[in-house]
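Before any comments, here is the structure.
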Amino acid sequence: MKHLKLTTILAMAFLSLTIMSCKDGKKKQAKTEKHSEMNHDANDGHHDSEEKGMVMSHNQDGNAEMVLKDYFNLKDALVADDNTKAKELGATLVRSLKSLDVSKYTDAEQEELNEIIEDAAEHAEHISESPMAHQREHFKVLSKDVTDMVSITGTANTLYEQFCPMYDKGSAWLSMSKDIKNPYYGSKMLNCGKLQKEIN
């Protein structure tokens with residue numbers, strides 16, 4: 001019994017420290033990353049944020065880039081805690097997903113893309129009809145679907161896979177900026193997360 005109490009106390013202390021470090025430590029990290037990104041961007045203008053728009057390439061599937069654009073707009077609405085905007089953008093994303101032309105891919109890729117599109121569209125549809133907490137639950141799976149789509153279609157832009165250890169035992173999302181803007185917590189823990197992977 002004594003051992004169980006000690007384990008519980010240690011677990012609570014660890015959780016408290018993790019939350020505090022996620023809240024406070026990320027502010028410093030975000031400032032550092034923002035500073036280094038600003039210096040980087042001064043020398044290299046290729047890393048535009050979502051707000052500046054996406055670069056479209058003739059070598060990439062324009063429809064896939066449109067799906068990404070709509071996904072990033074939806075992410076930004078969740079970051080801003082804007083339930084109404086997220087509903088509208090969820091419906092927009094459903095349309096761009098369903099209009100994705102997979103005909104130029106191999107049979108195996110087409111089959112995989114069709115499965116991804118079906119699943120992603122279902123989650124985007126739920127987002128278009130749900131309150132914020134439920135939107136964020138569906139955004140987690142939607143983000144995995146969009147990441148899987150990009151692994152097949154490629155992208156004309158450098159993307160960043162980011163990860164929040166706090167939300168639902170750990171959740172990832174895609175961004176066009178290295179800056180952490182957490183769509184799962186919005187203003188509650190805006191900078192909670194870390195850069196996990198760069199996708200070119």
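The values are calculated or read from the model by the stated rules, or taken from the named source; none is laboratory data. Given the structure is predicted, the values throughout are model-derived calculations rather than measurements. Don't worry about glycine lacking a Cβ; one is built from the backbone with ideal geometry, like all the others, and counts go over all protein chains shown.
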* Name the residues in region 153-176 that are of a type in the set (G, A, S) and at pLDDT below 95, would you? -> G154, A156
* Pick out the one residue from L190, L159 that is surrounded by fewer than 22 Cβ atoms within 10 Å (Cβ to Cβ), within 12 Å of the chain's Cα centre (by Cα) and not aromatic (F, W, Y). => L159
* To do: Might you check whether a residue that is surrounded by fewer than 17 Cβ atoms within 10 Å (Cβ to Cβ) and modelled with pLDDT under 95 occurs anywhere in region 63-83?
  => yes
